[in-house]
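Following this message is one structure expressed as structure tokens.
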Amino acid sequence: MPYLEDFNNALAQMNVSLDNEKVLKLEAFYNMLIATNLHTNLTSITEKSEVFVKHFADSLSILRQASLLALDKNIRVVDVGAGAGFPSVPLKIALPALKIVAVDSTNKKVNFINSCVEKLNLKDIVAVHERAEILSRGEYRDSFDLGVSRAVARLNVLSELILPLIKPQGYFVAYKAVSADEELKETKEALKKLSAKYICTDSFEIGSIGTRSNIIIKKLAPTDKKYPRQGGKIKGSPLC
Ligand code: SAH
């Protein structure tokens, strides 16, 4: 199967592996994505090989940092702006012990994730229809071991959306394309205000996509009450 070859090559390139049973679950998830995408816009990428490499393998790239992020433990993970479930659903399939909350402000995407969770019989993963900046004003504040986010906003905006949800000593990983250095530069001061610090950038090659970077940030202390600011301000005048 060419898609499996491309997928396995992409995983091997990243030094990640996945057993066959999990690959079959990803295949079932792919079928649901494509079936729902016929009437609900979830992804512009639909070709099987491309979905397996650009969505699935990319989502699994944080497995490269499994020990730093304690991914083999039953840690609590939040995926901000999960969309159709990236990276949260492939992560849950690969690492069943994770306890995941996938957050998105678009209801049809949340419904899609929750129906996949049910059909794939996944446990300890729920999608929540809310804006991240509202969620972090409630019970989820300062509570997650790990936050992940892919293709949602520039790093300075994303940091204010996600860091208030992370507990002290927890991590935030931003899945980024090559422009990571520039985004990081404009976020240095914002990280101080949000009681967090930059740890490292993990850059790697993936299939035909080319270079990708995961920026790893650590939360140091509970978030100051000032943050997050009101929704409009977060995007309109990013912290700097
Ligand atoms: N992470 C997915 C989706 C990226 S599209 C992927 O990699 O494919 C960005 C998503 O973020 C959209 O689904 C949008 O609804 C959501 N989003 C944007 N701002 C948000 C916010 N403040 N809180 C929650 N979700 C948000």
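Which ranges mark the strands (runs of 3 or more DSSP E) fully within the stretch 32-133 that have 2 or more residues being within 16 Å of the ligand (Cβ to nearest atom) and within 18 Å of VAL173 (Cβ to Cβ)?
By residue number, 76-80, 99-104.
Has the stretch 139-147 got any residue that is closer than 21 Å to ILE217 by Cα, touching a residue at least 60 places away in the same chain (Cβ under 8 Å) and within 13 Å of the ligand (Cβ to nearest atom)?
Within the stretch 139-147 (the criterion being closer than 21 Å to ILE217 by Cα, touching a residue at least 60 places away in the same chain (Cβ under 8 Å) and within 13 Å of the ligand (Cβ to nearest atom)), the answer is yes, since at least one residue qualifies.
While we're looking at this one, here's another question. For residues that are touching a residue at least 24 places away in the same chain (Cβ under 8 Å) and among the β-branched types (Val, Ile, Thr), scanning just the stretch 1-40, find the one that is nearest to ALA97 (Cα to Cα).
Across the stretch 1-40, the extreme among qualifying residues is VAL16.
Please state which of the following conditions SER136 fails to meet, knowing it meets all the rest: (1) more than 14 Å from the ligand (Cβ to nearest atom); (2) farther than 21 Å from LEU60 by Cα; (3) among the polar types (S, T, N, Q).
Result: SER136 fails condition (1) only.
Looking at the stretch 160-172 only, could you name the residues that are touching a Lys or Arg at 6+ places or on another chain (Cβ under 9 Å), within 16 Å of the ligand (Cβ to nearest atom) and either of a type in the set (Val, Ile, Thr) or in contact (Cβ under 8 Å) with a residue 60 or more places away in the chain (or both)?
If the condition is that a residue be touching a Lys or Arg at 6+ places or on another chain (Cβ under 9 Å), within 16 Å of the ligand (Cβ to nearest atom) and either of a type in the set (Val, Ile, Thr) or in contact (Cβ under 8 Å) with a residue 60 or more places away in the chain (or both), then GLU160, LEU161, LEU163, PRO164, LEU165, ILE166 are the ones that fit.
Still on this model: Give me a count of the residues in the stretch 54-94 that are farther than 22 Å from TYR3 by Cβ, among the hydrophobic types (A, V, I, L, M, F, W, C) and surrounded by fewer than 24 Cβ atoms within 10 Å (Cβ to Cβ).
6
Applying the selection to the stretch 199-238, what residues are β-branched (Val, Ile, Thr) and over 19 Å from the mean Cα position of the chain (by Cα)?
THR223, ILE234
Every number in this text was worked out from the coordinates using simple rules, so none of it is lab data. Only a predicted model underlies this, so the values are computations on that prediction, with no experimental measurement involved. Glycine also receives a Cβ, built like all others from the backbone with ideal geometry; neighbour counts cover every protein chain displayed.
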